[in-house]
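Read the structure below first, then the notes.
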Amino acid sequence: MLHRASVLSAALSLLAGAPASAAAPADPSLYASLAALEARVAAIGFRLTTANAAWCPVQQPQFGWVWGDPRLYDADRRPEALAAYGAVDRDAPFVAALAPASPAAKAGLRVGVAVVGMQGRAVPDGADGHPFARITAVEIKLAALPPTAPLALDTGDAGAMNLTPVAGCVSDFRVEASEKAGAVADGRMVLVNQGLTEFAHDDDELAAAIAHELAHNILRHRARLDVAGVDRGLGKQFGRSARLFKQTEVEADRLSVWLLAGAGYDSLAAARFWTSFGQRKGRPLFQAGTHPNWRDRVASLETEAARIEAARAKGEALHPPLIDAPPPLE
Ligand SMILES: [Zn+2]
């Protein structure tokens, strides 16, 4: 879907900027629905990354949480936003969502609990003043820890906690309060826009969209496209850059079906989701150069699902394509 840093920055700025001193009264359900979607994404992300960990060449600790931060909201909207999580208004990141039966949930953490320290130190603050800077710094610090090493958390009022993570594929997960039907994978994070969920009829189909972005991160597409020197500007739509972007889209589609199957989701949910998405009204023509036609995508997704079914019918262990030796981007 969308991969440019500029798009990511623009998308992230929407959440921080949208609530700015609007004249109209806020709809409290806006934040409640955001929190509910974060809970779904936390559960799906934890399941996809941990169930498929053995396939992933690089692993990170997975705790089963999505982070929140009071800094994401302007002061006049902050109390209402924090109330959706049961979070107190203190300047600390907090747990915005928890996957059921995840290490964070089992340790007794609750949604809304603030985290003030990790490993005996204050949580990192983030460098650039962006509303997401602190969450990003926390995620990066945690992702660099050994995948199954215990983590000591200081939750301030709620006391000290020890969590033992589960090894998982690389990626943290976030939800963006944007109506734009999109998602982003930047190499270490998957960000899902609220607007994307309108095309997912159930959790299997939402998992299909998330698995596609997760596949980009597992296959290190962003870093490898950078090494290949692709044009992320206007030239993205043409020539070699377009061809390489399209190659990464096809690869992410193919791997996503196996990630679904590996985590016990319906492997045909990907074909269903991308059919709904491909048929949406007002889809941008500008992606024509970098993304396959949606019918071709769906055919490829159905082919992978059929391969998985054939392997299962023969009693073979599943092993996804591309993961051991992804074809070069050149
Ligand atoms: Zn993509």
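The values are calculated or read from the model by the stated rules, or taken from the named source; none is laboratory data. Treat the numbers as computed from the prediction; the structure is a model and nothing was measured. Glycine also receives a Cβ, built like all others from the backbone with ideal geometry; neighbour counts cover every protein chain displayed.
When Gly159 is tested against (1) of a type in the set (Gly, Ala, Ser); (2) out of contact with any Asp or Glu (no Cβ under 6 Å at 6 or more places or on another chain); (3) more than 20 Å from Leu145 (Cβ to Cβ); (4) touching a residue at least 40 places away in the same chain (Cβ under 8 Å), just one condition goes unmet, and that condition is (4). Could you please find all residues in the range 155-179 being farther than 16 Å from Glu139 by Cα, surrounded by 16 or more Cβ atoms within 10 Å (Cβ to Cβ) and in the same structural domain as Ala97 (by TED's automatic domain parsing)? Thr155, Ala158, Met161 - these are the residues of the range 155-179 that are farther than 16 Å from Glu139 by Cα, surrounded by 16 or more Cβ atoms within 10 Å (Cβ to Cβ) and in the same structural domain as Ala97 (by TED's automatic domain parsing). Against the conditions (1) surrounded by fewer than 16 Cβ atoms within 10 Å (Cβ to Cβ); (2) touching a Leu at 6+ places or on another chain (Cβ under 6 Å), Leu255 satisfies every one except (1). The residues on offer are Pro124, Pro79, Pro103, and the sole one that is in contact (Cβ under 8 Å) with a residue 12 or more places away in the chain, over 28 Å from Ala51 (Cβ atoms) and not hydrophobic (A, V, I, L, M, F, W, C) is Pro124.
Among the residues of the range 98-108, those identified as assigned to a loop (DSSP other than H, G, I, E, B) and either closer than 18 Å to Arg47 by Cα or not assigned by TED's automatic domain parsing to the domain that holds Asp69 (or both) are Ala99, Pro100, Ala101, Ser102, Ala107. Taking the condition away from the ligand (no atom under 16 Å from the Cβ), β-branched (Val, Ile, Thr) and part of a loop (DSSP other than H, G, I, E, B), does Ile308 pass? When the stated conditions are applied, Ile308 does not pass them.
Of the helices (runs of 4 or more DSSP H) entirely within the range 205-286, those holding at least 3 residues that are of a type outside the set (A, V, I, L, M, F, W, C) and within 14 Å of the ligand (Cβ to nearest atom) occupy 221-227, 239-262.
Residues that are on the phi < 0 side of the Ramachandran plot, within 16 Å of the ligand (Cβ to nearest atom) and surrounded by fewer than 18 Cβ atoms within 10 Å (Cβ to Cβ) do not occur anywhere in the range 126-141. If only residues of the range 26-64 that are surrounded by fewer than 17 Cβ atoms within 10 Å (Cβ to Cβ) and not hydrophobic (A, V, I, L, M, F, W, C) are counted, the one that is modelled with the lowest pLDDT is Pro28.
Hey, any hits in the range 13-25 for a residue that's part of a helix (DSSP H, G or I), at pLDDT 95 or above and either touching a Leu at 6+ places or on another chain (Cβ under 8 Å) or surrounded by fewer than 18 Cβ atoms within 10 Å (Cβ to Cβ) (or both)? No: the range 13-25 contains no residue that is part of a helix (DSSP H, G or I), at pLDDT 95 or above and either touching a Leu at 6+ places or on another chain (Cβ under 8 Å) or surrounded by fewer than 18 Cβ atoms within 10 Å (Cβ to Cβ) (or both). On the given criteria, is Val95 crowded, with 19+ Cβ neighbours inside 10 Å and in a strand (DSSP E or B)? The answer is yes for Val95. Among the residues of the range 151-197, those identified as farther than 30 Å from Ser276 by Cβ and assigned to a loop (DSSP other than H, G, I, E, B) are Thr155, Gly159, Thr164, Pro165. Of the conditions (1) surrounded by fewer than 22 Cβ atoms within 10 Å (Cβ to Cβ); (2) out of contact with any Lys or Arg (no Cβ under 9 Å at 6 or more places or on another chain); (3) within 23 Å of Ala75 (Cα to Cα), Val113 clears all except one; give me its number. Only one criterion is unmet by Val113, namely (1).
Name the residue that is nearest to Arg243 (Cα to Cα), counting only residues in the range 178-196 that are over 13 Å from the mean Cα position of the chain (by Cα) and away from the ligand (no atom under 14 Å from the Cβ). Here the answer is Lys180.
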